[in-house]
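Okay, so here's the structure we're looking at.
The values are calculated or read from the model by the stated rules, or taken from the named source; none is laboratory data. Given the structure is predicted, the values throughout are model-derived calculations rather than measurements. Because the Cβ atoms are built from the backbone with ideal geometry, glycine has one as well, and the counts that use them run over all protein chains shown. When the accessible area is computed, the model is the full protein with side chains, heavy atoms only, and any ligands, DNA or RNA have been set aside. Shrake-Rupley method; radii C 1.70, N 1.55, O 1.52, S 1.80 Å.
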Amino acid sequence: MAGGRISRRRFLGTMATAGAAFTIVPRHVLGRGFVPPSDKLNIACIGVGGRGAWNVRGVSSENLVAFCDVDDERAAETYRAFPNVPRYKDFRVMLEREGDRIDAVVISTPDHTHAVAAMMAIQMGKHVYCEKPLTRTIYEARRLAEAAREKGVVTQMGNQGHAGEGTRQIREWIEAGAIGTVREIHFWTNRPIWPQAIERPLEAYHVPPTLAWDLWLGPAPERPYHPAYVPFKWRGWWDFGTGALGDMGCHIMDAAFWTFDLRDPVRVTAETTPVFPETAPLVSRVTYEFAARGNRPALRVVWRDGNLAPPRPPQWEKDRPWPPMDSGQMFIGDEGVLIAGTYGENPRLVPESRHQEWIASAPAPRYPRSPGVYQEWIEACKNGGQAGSNFPDYAGPLTEMVLLGNLAVRVGGTIEWDAATLRVTNIEVPEEYIRPTYRSGWHL
């Protein structure tokens with residue numbers, strides 16, 4: 001504060017932290033449906049091509065004040081749609097130069113850059129929306145959650161199903177006893193749909209003129225450019241992505257994590273096709289074991305990828321194909337089975353006759369409905385409180401649980417986990433798998 005003045009950004013952040021709603025000009029003065037500029041967040045977006053383009057549109061009701069992307073070709077669609085927004089290639093430069101104009105940051109980069117970008121924004125007091133998985137490693141997830149809590153910023157991870165109707169129905173129906181006591185949960189996906197289980201390519205390529213390769217690498221170890229990594233193929237490489245489990249787990253496992261508080265499994269076991277040094281395997285089956293907690297019994301949770309599917313439940317009608325979808329989730333209770341899609345959508349009890357019987361007298365909604373993954377974050381930034389998939393209370397712990405499966409995959413067996421110390425207690429695991437080392441110039 002200088003000369004008795006305080007910046008709009010600092011004032012808005014203070015009001016959000018205090019949980020106060022603030023409107024400079026009443027909406028009725030300006031006309032029905034018109035949102036005055038003073039009511040809008042100033043948002044900067046890091047990564048605006050591909051998935052980032054969707055996220056830009058998702059927050060476009062607010063003031064978009066700066067864009068950052070390392071690939072002009074991938075970002076071209078967004079640049080054309082918003083020609084007057086300043087553009088950067090290095091998010092560190094953007095945040096330093098535009099910091100006083102920014103209230104919040106949206107991050108849609110590859111997994112390996114999530115943590116460093118989000119941490120810089122958080123340390124500057126910015127609210128943050130970050131794509132899933134929150135981070136590439138468990139240590140990064142823990143640190144982001146701690147930092148977000150310390151700074152009091154509003155955060156949201158982009159696992160959009162957590163804001164959906166289906167996820168709420170799953171929890172409400174299970175808690176109402178629709179399938180009895182649940183002791184087993186299964187997840188499956190058709191991912192990977194990108195190359196993995198491969199060795200590092202050796203061919204030499206020129207870097208495309210539209211791509212800032214060194215900035216794309218960010219904190220990852222240096223390596224030559226190759227089209228085997230970009231734009232979408234990075235997901236299968238451990239230096240950049242988190243494979244099928246990291247990509248889809250924060251979606252498919254979300255409802256179960258929320259319903260049963262699936263933090264800190266005591267044991268995780270991975271069975272896979274051959275494991276390569278630098279890339280995830282083609283097919284994985286990962287079993288999480290959770291001890292009993294409170295009224296919840298011990299749970300066995302099984303993840304399958306590479307088009308593996310769980311066994312057909314006996315209640316499933318014999319004339320219907322199994323599995324019913326490419327990716328999904330199944331809850332097995334003492335008194336029935338519940339199945340839903342990737343994002344918790346279209347939950348169904350099995351068999352169909354049981355579903356129709358249930359919905360005819362389903363309990364009233366118990367959990368508040370969300371205006372959507374973007375809007376609930378935006379409203380929390382403006383008015384206080386937190387979004388549903390905020391880093392400290394939800395997204396961080398969910399990401400840690402998901403990534404423990406990758407840890408078991410990489411070591412090729414069973415791990416026993418001490419969440420308090422972030423340590424595997426039964427075998428030696430390379431520190432890099434849990435807590436990464438960054439290239440010079442990059443830090444958490």
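Of note:
- Exposed loop sites here are GluC sites (Glu not before Pro) assigned a DSSP state other than H, G, I, E or B and surrounded by at most 13 other beta carbons within 10 Å; excluding them, the longest clear run of the chain is 1-198.
- Taking 18 Å as the straight-line reach from the Cα of K132, the lysines in range (excluding those fewer than 8 positions away in the same chain) are K233.
- Largest to smallest accessible area among K382, K126 [probe 1.4 Å]: K382, K126
- Structure-derived Rg and Dmax of the Cα atoms in Å - corresponding label in (i) 20.7, 68; (ii) 30.7, 99; (iii) 22.4, 76: (iii)
- Accessible surface for the chain, divided over its residues, is 43 Å² per residue with a 1.4 Å probe.
- Of all accessible heavy-atom area on the chain, the percent that carbon and sulfur account for (1.4 Å): 52 percent
- Relative contact order [Cα under 8 Å, 6+ residues apart], the stretch 242-362, whole percent: 18 percent
- Nearby lysines by direct alpha-carbon distance to K382 (threshold 21 angstrom, same-chain neighbours under 8 apart not counted): K40, K126, K151
- Cleavage-rule hits, trypsin sites (Lys or Arg not before Pro), the stretch 142-194, DSSP coil, Cβ neighbours within 10 Å at most 13: none
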